[in-house]
Amino acid sequence: MLRNNNDTEERQLINALVAGNESAYRIIIEKYRESVVRLCMGFTGSYDDAQDLAQEVFIEIFNSISKFKRRSSFSTWMYRVAVNKSLNFLRKKKNLVSMEQANETVTPANNNTSAEKNLEISDHARALHTALDRLPGKQRAAFILSKYDDLQYAEIADIMKTSISSVESLLFRAKKNLQQSLLEYYKNNMK
Amino acid sequence: MKCSEVHKDLIFYIEGDLSPEREKALRKHLDSCSDCRAYEKFMRQSLGAIEMKKDVPADDEFAGKVLEKMSSVPIKTFSIAPVLKYAAAAAVIVLGVFTGMGIANLTTNTSTDKLAEAGEEYYYHDEMEPIESFFLIKYDEDE
(Lines give C-alpha, C1' and ligand atoms only; values in the text may rest on other atoms or scores of the structure.)
Protein backbone atom coordinates (compact mmCIF):
# COMPACT_ATOMS: atom_id res chain seq x y z
CA MET A 1 0.00 0.00 0.00
CA LEU A 2 2.82 2.36 0.98
CA ARG A 3 4.66 1.43 -2.19
CA ASN A 4 1.54 2.15 -4.26
CA ASN A 5 1.26 5.57 -2.62
CA ASN A 6 4.92 6.25 -3.32
CA ASP A 7 4.53 5.14 -6.94
CA THR A 8 1.51 7.40 -7.39
CA GLU A 9 3.35 10.31 -5.80
CA GLU A 10 6.36 9.74 -8.03
CA ARG A 11 4.14 9.51 -11.11
CA GLN A 12 2.44 12.79 -10.22
CA LEU A 13 5.79 14.42 -9.57
CA ILE A 14 7.16 13.30 -12.94
CA ASN A 15 4.01 14.58 -14.65
CA ALA A 16 4.53 17.92 -12.95
CA LEU A 17 8.18 17.96 -14.09
CA VAL A 18 7.13 17.25 -17.66
CA ALA A 19 4.67 20.14 -17.40
CA GLY A 20 7.54 22.40 -16.28
CA ASN A 21 6.20 23.00 -12.77
CA GLU A 22 8.83 24.91 -10.74
CA SER A 23 7.65 23.47 -7.40
CA ALA A 24 8.24 19.98 -8.81
CA TYR A 25 11.80 20.98 -9.79
CA ARG A 26 12.43 22.17 -6.24
CA ILE A 27 10.99 18.97 -4.70
CA ILE A 28 13.21 16.79 -6.90
CA ILE A 29 16.29 18.88 -6.07
CA GLU A 30 15.48 18.76 -2.35
CA LYS A 31 14.97 15.00 -2.50
CA TYR A 32 18.03 14.04 -4.55
CA ARG A 33 20.58 16.86 -4.09
CA GLU A 34 22.70 15.03 -1.52
CA SER A 35 22.81 11.79 -3.52
CA VAL A 36 23.80 13.60 -6.71
CA VAL A 37 26.42 15.80 -5.01
CA ARG A 38 27.91 12.73 -3.29
CA LEU A 39 28.16 10.92 -6.61
CA CYS A 40 29.74 13.98 -8.20
CA MET A 41 32.22 14.20 -5.30
CA GLY A 42 33.35 10.69 -6.18
CA PHE A 43 33.98 11.72 -9.75
CA THR A 44 35.50 15.17 -9.22
CA GLY A 45 37.21 14.88 -5.84
CA SER A 46 36.42 18.52 -5.09
CA TYR A 47 33.33 19.94 -3.42
CA ASP A 48 33.21 23.04 -5.65
CA ASP A 49 33.43 20.99 -8.84
CA ALA A 50 30.88 18.53 -7.44
CA GLN A 51 28.43 21.38 -6.76
CA ASP A 52 28.80 22.75 -10.29
CA LEU A 53 28.51 19.30 -11.83
CA ALA A 54 25.45 18.43 -9.71
CA GLN A 55 23.74 21.60 -10.94
CA GLU A 56 24.47 20.55 -14.52
CA VAL A 57 23.05 17.10 -13.75
CA PHE A 58 19.75 18.55 -12.53
CA ILE A 59 19.51 20.85 -15.55
CA GLU A 60 20.05 17.83 -17.80
CA ILE A 61 17.42 15.85 -15.89
CA PHE A 62 14.81 18.61 -16.21
CA ASN A 63 15.60 19.26 -19.87
CA SER A 64 15.48 15.54 -20.71
CA ILE A 65 12.50 14.54 -18.58
CA SER A 66 10.37 13.96 -21.68
CA LYS A 67 12.86 11.20 -22.63
CA PHE A 68 12.22 9.36 -19.35
CA LYS A 69 10.02 6.45 -20.49
CA ARG A 70 9.28 5.13 -16.95
CA ARG A 71 10.75 1.74 -17.83
CA SER A 72 12.86 2.07 -14.68
CA SER A 73 12.37 4.02 -11.48
CA PHE A 74 13.03 7.75 -11.65
CA SER A 75 16.04 7.48 -9.33
CA THR A 76 17.63 4.78 -11.55
CA TRP A 77 17.23 7.02 -14.59
CA MET A 78 18.48 10.02 -12.61
CA TYR A 79 21.64 8.17 -11.54
CA ARG A 80 22.17 7.09 -15.16
CA VAL A 81 22.07 10.72 -16.27
CA ALA A 82 24.37 11.72 -13.39
CA VAL A 83 26.95 9.02 -14.18
CA ASN A 84 26.87 9.90 -17.87
CA LYS A 85 27.26 13.60 -17.17
CA SER A 86 30.10 12.93 -14.71
CA LEU A 87 32.00 10.76 -17.19
CA ASN A 88 31.62 13.52 -19.79
CA PHE A 89 32.89 16.03 -17.24
CA LEU A 90 36.00 13.89 -16.66
CA ARG A 91 36.61 13.54 -20.41
CA LYS A 92 36.43 17.32 -20.87
CA LYS A 93 38.66 17.87 -17.83
CA LYS A 94 41.23 15.40 -19.14
CA ASN A 95 41.34 17.24 -22.46
CA LEU A 96 41.73 20.54 -20.63
CA VAL A 97 44.57 19.16 -18.47
CA SER A 98 46.30 17.83 -21.60
CA MET A 99 46.02 21.27 -23.18
CA GLU A 100 47.33 22.94 -20.01
CA GLN A 101 50.24 20.50 -19.87
CA ALA A 102 51.02 21.27 -23.50
CA ASN A 103 51.09 24.99 -22.62
CA GLU A 104 53.11 24.48 -19.45
CA THR A 105 56.31 26.03 -20.80
CA VAL A 106 54.36 29.10 -21.93
CA THR A 107 52.43 29.63 -18.69
CA PRO A 108 54.47 28.31 -15.75
CA ALA A 109 52.17 30.20 -13.34
CA ASN A 110 49.59 27.43 -13.80
CA ASN A 111 51.95 25.06 -12.06
CA ASN A 112 52.19 27.20 -8.96
CA THR A 113 48.44 27.65 -8.73
CA SER A 114 47.95 23.91 -9.05
CA ALA A 115 50.63 23.15 -6.43
CA GLU A 116 49.10 25.61 -3.97
CA LYS A 117 45.67 24.13 -4.52
CA ASN A 118 47.00 20.62 -4.03
CA LEU A 119 48.53 21.59 -0.71
CA GLU A 120 45.05 22.32 0.59
CA ILE A 121 43.96 18.74 -0.03
CA SER A 122 44.95 16.15 2.51
CA ASP A 123 47.42 13.48 1.42
CA HIS A 124 44.93 10.69 1.89
CA ALA A 125 42.12 12.33 -0.02
CA ARG A 126 44.57 13.16 -2.79
CA ALA A 127 45.91 9.61 -2.85
CA LEU A 128 42.39 8.25 -3.12
CA HIS A 129 41.36 10.65 -5.85
CA THR A 130 44.55 9.96 -7.82
CA ALA A 131 43.78 6.24 -7.60
CA LEU A 132 40.11 6.76 -8.59
CA ASP A 133 41.23 8.90 -11.54
CA ARG A 134 43.15 5.95 -12.93
CA LEU A 135 40.17 3.58 -12.92
CA PRO A 136 38.37 2.82 -16.20
CA GLY A 137 34.94 4.47 -16.48
CA LYS A 138 32.75 1.47 -15.64
CA GLN A 139 34.84 0.37 -12.65
CA ARG A 140 34.88 3.92 -11.37
CA ALA A 141 31.12 4.34 -11.78
CA ALA A 142 30.38 1.03 -10.01
CA PHE A 143 32.78 1.86 -7.16
CA ILE A 144 31.39 5.37 -6.65
CA LEU A 145 27.75 4.21 -6.76
CA SER A 146 28.60 1.54 -4.20
CA LYS A 147 30.87 3.47 -1.84
CA TYR A 148 29.75 7.08 -2.11
CA ASP A 149 26.01 6.53 -2.57
CA ASP A 150 25.79 3.20 -0.70
CA LEU A 151 23.67 1.59 -3.43
CA GLN A 152 22.97 -2.14 -3.51
CA TYR A 153 24.48 -4.28 -6.27
CA ALA A 154 21.02 -4.76 -7.85
CA GLU A 155 20.47 -0.99 -8.01
CA ILE A 156 23.92 -0.46 -9.55
CA ALA A 157 23.18 -3.21 -12.07
CA ASP A 158 19.93 -1.43 -13.07
CA ILE A 159 21.66 1.93 -13.42
CA MET A 160 24.51 0.49 -15.46
CA LYS A 161 22.20 -1.80 -17.46
CA THR A 162 24.21 -4.87 -16.56
CA SER A 163 23.95 -7.99 -14.35
CA ILE A 164 24.65 -8.23 -10.64
CA SER A 165 27.56 -10.58 -11.29
CA SER A 166 29.06 -7.99 -13.68
CA VAL A 167 28.78 -5.38 -10.95
CA GLU A 168 30.55 -7.74 -8.51
CA SER A 169 33.28 -8.28 -11.07
CA LEU A 170 33.60 -4.52 -11.74
CA LEU A 171 33.89 -3.81 -8.01
CA PHE A 172 36.47 -6.56 -7.51
CA ARG A 173 38.61 -5.18 -10.35
CA ALA A 174 38.10 -1.60 -9.12
CA LYS A 175 39.37 -2.53 -5.64
CA LYS A 176 42.34 -4.42 -7.07
CA ASN A 177 43.30 -1.45 -9.26
CA LEU A 178 42.75 1.04 -6.45
CA GLN A 179 44.99 -1.02 -4.20
CA GLN A 180 47.72 -1.07 -6.84
CA SER A 181 47.53 2.70 -7.33
CA LEU A 182 47.43 3.39 -3.60
CA LEU A 183 50.46 1.14 -3.04
CA GLU A 184 52.40 3.05 -5.72
CA TYR A 185 51.35 6.36 -4.17
CA TYR A 186 52.39 5.13 -0.71
CA LYS A 187 55.81 3.96 -1.91
CA ASN A 188 56.47 7.18 -3.84
CA ASN A 189 55.09 9.75 -1.41
CA MET A 190 54.58 8.41 2.07
CA LYS A 191 57.49 6.10 2.86
CA MET B 1 52.38 -14.87 4.64
CA LYS B 2 54.75 -12.53 2.77
CA CYS B 3 54.55 -8.73 2.58
CA SER B 4 53.78 -9.01 -1.16
CA GLU B 5 50.66 -11.05 -0.35
CA VAL B 6 49.53 -8.40 2.11
CA HIS B 7 49.96 -5.77 -0.61
CA LYS B 8 47.73 -7.89 -2.84
CA ASP B 9 44.96 -8.57 -0.34
CA LEU B 10 44.93 -5.62 2.03
CA ILE B 11 41.99 -3.77 0.49
CA PHE B 12 39.88 -6.94 0.62
CA TYR B 13 40.92 -7.42 4.27
CA ILE B 14 39.84 -3.86 5.11
CA GLU B 15 36.58 -4.33 3.22
CA GLY B 16 35.89 -7.63 5.00
CA ASP B 17 35.89 -9.59 1.73
CA LEU B 18 38.47 -12.25 2.69
CA SER B 19 37.79 -15.80 3.81
CA PRO B 20 38.21 -16.32 7.60
CA GLU B 21 41.44 -18.31 7.08
CA ARG B 22 42.98 -15.68 4.79
CA GLU B 23 41.90 -12.91 7.13
CA LYS B 24 43.49 -14.67 10.10
CA ALA B 25 46.78 -15.19 8.24
CA LEU B 26 46.88 -11.55 7.16
CA ARG B 27 46.15 -10.29 10.68
CA LYS B 28 48.93 -12.48 12.01
CA HIS B 29 51.37 -10.97 9.51
CA LEU B 30 50.29 -7.44 10.41
CA ASP B 31 50.92 -8.16 14.10
CA SER B 32 54.54 -8.96 13.34
CA CYS B 33 55.37 -6.51 10.48
CA SER B 34 55.55 -2.77 11.23
CA ASP B 35 56.04 -1.86 7.54
CA CYS B 36 52.80 -3.55 6.56
CA ARG B 37 51.04 -2.01 9.57
CA ALA B 38 52.10 1.45 8.36
CA TYR B 39 50.79 0.62 4.91
CA GLU B 40 47.54 -0.67 6.40
CA LYS B 41 47.15 2.61 8.30
CA PHE B 42 47.67 4.58 5.08
CA MET B 43 45.14 2.43 3.23
CA ARG B 44 42.52 2.76 5.96
CA GLN B 45 42.96 6.54 6.07
CA SER B 46 42.83 6.85 2.28
CA LEU B 47 39.66 4.77 2.00
CA GLY B 48 38.33 6.65 5.04
CA ALA B 49 38.46 9.83 2.96
CA ILE B 50 35.33 8.53 1.22
CA GLU B 51 33.35 8.72 4.44
CA MET B 52 34.49 12.31 4.99
CA LYS B 53 33.43 13.29 1.47
CA LYS B 54 30.00 11.71 1.88
CA ASP B 55 28.99 14.42 4.31
CA VAL B 56 27.21 16.90 2.02
CA PRO B 57 26.60 20.25 3.71
CA ALA B 58 23.20 21.92 3.43
CA ASP B 59 22.92 24.45 0.62
CA ASP B 60 19.76 26.56 0.59
CA GLU B 61 20.83 28.33 -2.59
CA PHE B 62 21.36 25.18 -4.66
CA ALA B 63 17.85 24.95 -6.15
CA GLY B 64 17.86 28.67 -6.90
CA LYS B 65 21.18 28.35 -8.75
CA VAL B 66 19.87 25.44 -10.85
CA LEU B 67 16.68 27.30 -11.77
CA GLU B 68 18.65 30.46 -12.54
CA LYS B 69 21.02 28.55 -14.83
CA MET B 70 18.04 26.87 -16.48
CA SER B 71 16.43 30.19 -17.28
CA SER B 72 19.66 31.48 -18.83
CA VAL B 73 20.12 28.38 -21.00
CA PRO B 74 17.54 27.71 -23.71
CA ILE B 75 15.53 24.69 -22.57
CA LYS B 76 15.34 21.80 -24.99
CA THR B 77 11.62 21.22 -25.17
CA PHE B 78 9.57 18.48 -26.75
CA SER B 79 9.34 19.19 -30.45
CA ILE B 80 6.56 18.07 -32.74
CA ALA B 81 8.79 18.65 -35.80
CA PRO B 82 10.20 15.08 -36.06
CA VAL B 83 6.69 13.63 -35.77
CA LEU B 84 5.43 15.92 -38.53
CA LYS B 85 8.43 15.01 -40.67
CA TYR B 86 7.68 11.27 -40.47
CA ALA B 87 3.92 11.82 -40.82
CA ALA B 88 4.53 13.82 -44.00
CA ALA B 89 6.84 11.08 -45.35
CA ALA B 90 4.19 8.44 -44.60
CA ALA B 91 1.49 10.55 -46.29
CA VAL B 92 3.62 10.94 -49.44
CA ILE B 93 4.25 7.16 -49.55
CA VAL B 94 0.58 6.31 -49.05
CA LEU B 95 -0.46 8.88 -51.67
CA GLY B 96 2.12 7.51 -54.07
CA VAL B 97 0.97 3.94 -53.55
CA PHE B 98 -2.70 4.79 -54.05
CA THR B 99 -1.89 6.83 -57.15
CA GLY B 100 0.20 3.97 -58.49
CA MET B 101 -2.56 1.47 -57.79
CA GLY B 102 -5.11 3.68 -59.51
CA ILE B 103 -2.92 3.92 -62.60
CA ALA B 104 -2.29 0.16 -62.46
CA ASN B 105 -6.03 -0.55 -62.26
CA LEU B 106 -6.61 1.61 -65.31
CA THR B 107 -3.90 -0.05 -67.37
CA THR B 108 -3.97 -3.70 -66.26
CA ASN B 109 -6.47 -6.33 -65.28
CA THR B 110 -4.53 -7.35 -62.14
CA SER B 111 -6.99 -8.11 -59.34
CA THR B 112 -6.59 -6.90 -55.75
CA ASP B 113 -6.16 -10.52 -54.69
CA LYS B 114 -3.21 -10.94 -57.02
CA LEU B 115 -1.62 -7.76 -55.67
CA ALA B 116 -2.07 -9.07 -52.15
CA GLU B 117 -0.46 -12.36 -53.13
CA ALA B 118 2.50 -10.44 -54.50
CA GLY B 119 2.84 -8.75 -51.08
CA GLU B 120 2.03 -5.25 -52.34
CA GLU B 121 -0.73 -4.66 -49.81
CA TYR B 122 1.90 -4.85 -47.07
CA TYR B 123 3.91 -2.11 -48.71
CA TYR B 124 1.94 0.67 -47.08
CA HIS B 125 1.21 -1.27 -43.90
CA ASP B 126 4.88 -1.31 -42.93
CA GLU B 127 5.24 -0.52 -39.26
CA MET B 128 6.69 2.92 -38.65
CA GLU B 129 9.61 3.30 -36.25
CA PRO B 130 8.19 3.88 -32.75
CA ILE B 131 8.14 7.60 -31.98
CA GLU B 132 9.87 7.26 -28.60
CA SER B 133 13.00 5.82 -30.23
CA PHE B 134 13.60 9.20 -31.90
CA PHE B 135 13.87 10.86 -28.51
CA LEU B 136 15.59 8.13 -26.54
CA ILE B 137 18.97 9.03 -25.09
CA LYS B 138 21.21 6.06 -24.43
CA TYR B 139 23.41 6.54 -21.41
CA ASP B 140 25.99 3.98 -22.44
CA GLU B 141 29.24 3.36 -20.69
CA ASP B 142 32.55 3.96 -22.32
CA GLU B 143 34.93 1.38 -20.92
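The values are calculated or read from the model by the stated rules, or taken from the named source; none is laboratory data. This is a predicted model, so every value here is computed, not measured. Using ideal geometry, Cβ is built from the backbone for each residue, glycine included, and neighbour counts are taken over all protein chains shown. Protein only, heavy atoms only, side chains kept; ligands, DNA and RNA dropped before computing areas. Shrake-Rupley method; radii C 1.70, N 1.55, O 1.52, S 1.80 Å.
Overview of results
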{"read-out": "For residues of A:127-137, the mean tally of beta carbons on other chains within 10 Å", "value": "3"}
{"read-out": "Shielding of B:39-48 by partner chains, average beta-carbon count, 10 Å", "value": "6"}
{"read-out": "Cα shape, the stretch B:3-53, gyration tensor, a/c 1.5 rule", "value": "oblate"}
{"read-out": "At R0 = 25 Å, FRET efficiency that the Cβ-Cβ distance of B:K85 and A:R70 yields, to 0.05", "value": "0.45"}
{"read-out": "Potential extension, A:R26-A:N63 segment - 0.36 nm per residue separation minus Cα distance", "value": "11.9 nm"}
{"read-out": "Projected label distance in nm at B:K28 and A:K92, using a 7 Å step from Cα toward the beta-carbon", "value": "5.5 nm"}
{"read-out": "Label-to-label distance, nm, for residues given as B:Q45 and A:A154 (7 Å Cα→Cβ offset)", "value": "4.0 nm"}
{"read-out": "The stretch A:145-191: C-alpha gyration tensor shape, a/c 1.5 cut-off, then a/b vs b/c", "value": "prolate"}
{"read-out": "Between A and B, accessible area buried - total, square angstrom, nearest 100, 1.4 angstrom probe", "value": "5000 Å²"}
{"read-out": "Which listed pairs, of A:K138/B:K2; B:K2/B:K41; A:K93/A:K187; A:K92/A:K138; A:K147/B:K53; A:K94/A:K161, have C-alpha distances above 22 Å, in listed order", "value": "A:K138/B:K2; A:K93/A:K187; A:K94/A:K161"}
{"read-out": "B:K54 versus A:R11: modelled label distance in nm, points set 7 Å from Cα along the beta carbon direction", "value": "3.4 nm"}
{"read-out": "Accessible area (Å², 1.4 Å probe, nearest 10) - A:Y25", "value": "30 Å²"}
